[in-house]
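Read the structure below first, then the notes.
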Amino acid sequence: MTFRNGLSSLLRPEDSVLVMIDHQPYQLANLNSHDPHMVVNNAAGLAKAAKVFGVPTILTSVVEDRGGRIFPQITDVFPGQTVIDRTFINTWEDPKVVDAVKATGRKQLVIAGLWTEICVAMPAIQAAGEGWDVTVITDASGGISLEGHQVAIQRMIAAGINMMTWVALASEWQRDWARTETAAGLVDVVIEHLAGSGIAFLWEQQLLNTPVPDAAS
């Protein structure tokens, strides 16, 4: 296995392309590896982070007529964008999706989807074998069971695929808080989707803007 290390191995927004796979009602109904609310929240946070950083994002569903539309928490981030609907279980066997990814000219392929053991693992493993630098966002994905999710992660790691959470990815894209063109947008996403950290930030702002009582009075 080639070890992933060094500065050049970190993800960069200008080199990344995100594919969000099958965040649909049918898959969510049998999601048992995570709290479903958390997965919807994390997937929405991931989508918003990609938009903040200008990362091209491909949305794809499988048999939408039966499985349902992708969650509006995701599609609302990209109004007017066409969702690529497939019959292939393995997204990477659908030329429409692959062509859309190739058209971006990016080589750092970021994937999140439902379910991890099927709809994430298959395209990730195939794309990695074709030379793509693949990262899977584990907490914006989920499986039929905790075992299924965990075994899929182990299988993908063995195939040389990188694993991250959505907040780690967003932080890697930001890299430096002096990058003011994206810092404010990322803070907005944190407030909306990072629970305790977002609330703590708002509290910090409240405290900083609250006058200190005059001890003499």
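For this structure, a couple of remarks:
- Cα-centre dipole for the chain with unit charges at Cβ (Lys and Arg positive, Asp and Glu negative), debye to 20: 380 debye
- Placed amide H near Asp85: partners under 5 Å, 5+ positions off or other chain: Ser61
- Hydrodynamic radius (Kirkwood) for the stretch 1-67, which is based on Cα pairs only, to one decimal in Å: 14.1 Å
- Whole-number accessible area per residue in Å² for the stretch 5-65, which is evaluated in the context of all protein chains at 1.4 Å: 39 Å²
- Net charge contributed by nearby residues that have their C-beta within less than 11 Å of Gly142 (K/R +1, D/E -1): -4
- Normalised by 2.2 N^0.38 Å, where N is the number of residues, the C-alpha radius of gyration of the stretch 104-217 stands at 1.48.
- Here the ratio of the Cα radius of gyration of the stretch 150-194 to 2.2 N^0.38 Å is 1.52.
- In the elastic network of the chain, a GNM with C-alpha springs shorter than 10 Å, the most mobile of Gly45, Gly105, Gly131 is Gly131.
- Estimated from helical segments only, the mean residue ellipticity of the chain at 222 nm is -13000 deg cm²/dmol, where each DSSP H run of four or more residues counts as -39500 (n - 2.57).
- Gyration tensor verdict on the stretch 19-103 (Cα atoms; rounded if a/c is under 1.5, prolate if a/b is larger than b/c, oblate otherwise): oblate
- Distance from the C-alpha centroid of the stretch 187-206 to that of the stretch 28-68: 21 Å, rounded to the whole angstrom.
- Solvent-free Debye scattering, log10 I(q)/I(0), computed from the Cα coordinates of the stretch 9-154 at q = 0.12 Å⁻¹: -0.42
- Residues with amide H under 5 Å from that of Ile58, placed H, sequence gap 5 or more: Leu18, Val19, Met20
- Under a 5 Å amide H cut-off, with hydrogens placed 1.01 Å from N, Asp133 pairs with Leu109 among residues at least 5 apart or on other chains.
The values are calculated or read from the model by the stated rules, or taken from the named source; none is laboratory data. Just so you know, these numbers come straight off a predicted model, no measurement behind them. Here the Cβ is made from the backbone with ideal geometry for all residues, glycine too, and neighbour counts use every protein chain on show. Calculation scope for accessible area: heavy atoms of the full protein, side chains included, ligands and nucleic acids excluded. Shrake-Rupley method; radii C 1.70, N 1.55, O 1.52, S 1.80 Å.
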